[in-house]
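Shown next, in structure tokens, is the structure this report addresses.
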Amino acid sequence: QVQLVESGGGLVQYGGSLRLSCAAAGVIFRLGEMGWYRQAPGKQRELVASITSDGRTNYADSVKNRFTISRDNAKRSVYLQMDSLKPEDTAVYSCKAVVFLTILVNPRDYWGQGTQVTVSS
């Protein structure tokens, strides 16, 4: 069974920083694209940032130049460095990974359990 285990959320003041981590556990042939999503109360879940297996990144406009996504393929992990945090960044952040369980089957998405990020003004 594949699990994505997240850590690093918490409470931070306006302008502060947090680093989220997400590690994939289980029997995995290969990890494809990985990403971070967030959902604020009363809002739809949105993509924050994503990174392909060869390092190409994509960011939501609202976080460009403030957040940085990275990954360590050897550790099967993805990270989100969040700087210059604003109250509007407050949300539950979840990681997602495209997982190839074997070479023979189509990949599927796995999600982490989510971690709360709260930015106080």
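The values are calculated or read from the model by the stated rules, or taken from the named source; none is laboratory data. Only a predicted model underlies this, so the values are computations on that prediction, with no experimental measurement involved. Positions of Cβ are generated from backbone atoms using ideal geometry, with glycine treated the same way; all protein chains shown enter the neighbour counts. Accessible surface is based on the protein model in full, side chains and every heavy atom, while ligands, DNA and RNA are left aside. Shrake-Rupley method; radii C 1.70, N 1.55, O 1.52, S 1.80 Å.
For Tyr14 and Asp54, calculate 0.36 nm times their separation in residues minus their Cα-Cα distance, and state this gained length in nm to one decimal. Each step should come with its number before you reach the end.
Numbers: separation 40, 0.36 × 40 = 14.40 nm, distance 3.30 nm.
Length gained, Tyr14 through Asp54: 11.1 nm.
Between the alpha-carbon centers of the range 62-87 and the range 2-31, tell me the distance in whole angstrom.
10 Å
Probe radius 1.4 Å, ligands and nucleic acids ignored: give me the carbon and sulfur share of the accessible area of the chain as a rounded percent.
It is 48 percent, rounded to a whole number.
How much area per residue is accessible in the chain when the probe is 1.4 Å and only protein heavy atoms are counted (Å²)?
In whole numbers, the chain has 55 Å² accessible per residue.
Determine the gain in length on full extension of the stretch Leu47-Asp61; use 0.36 nm per residue of separation and subtract their C-alpha separation, reporting nm with one decimal.
On the way: separation 14, 0.36 × 14 = 5.04 nm, distance 1.02 nm.
Computed gain between Leu47 and Asp61 is 4.0 nm.
Just to verify a number: FRET efficiency for Thr68 and Leu104, C-beta to C-beta distance, R0 = 35 Å, to 0.05? Don't skip to the answer; put the middle values down first.
Numbers: r = 35 Å, r/R0 = 1.00.
Efficiency computed from Cβ-Cβ geometry: 0.50.
Show which lysines lie in cross-link reach of Lys86 when reach means a straight Cα distance below 27 angstrom and same-chain residues fewer than eight apart are skipped.
Partners found: Lys43, Lys64, Lys96.
Defining a contact as two alpha carbons under 8 Å apart and six or more residues distant in sequence, what relative contact order in percent does the chain show?
Result for the chain is 36 percent.
Val5 versus Val27, label points 7 Å from Cα toward the beta carbon: distance in nm?
1.9 nm
On average over all directions, what projected area in square nanometres does the range 20-121 have, based on the convex hull of its Cα atoms?
Seen from a random direction, the Cα hull of the range 20-121 projects 6.8 nm² on average.
For the range 13-65, what ratio Rg/Rh do Cα atoms give with a Kirkwood hydrodynamic radius?
Expressed as Rg/Rh, it is 1.02.
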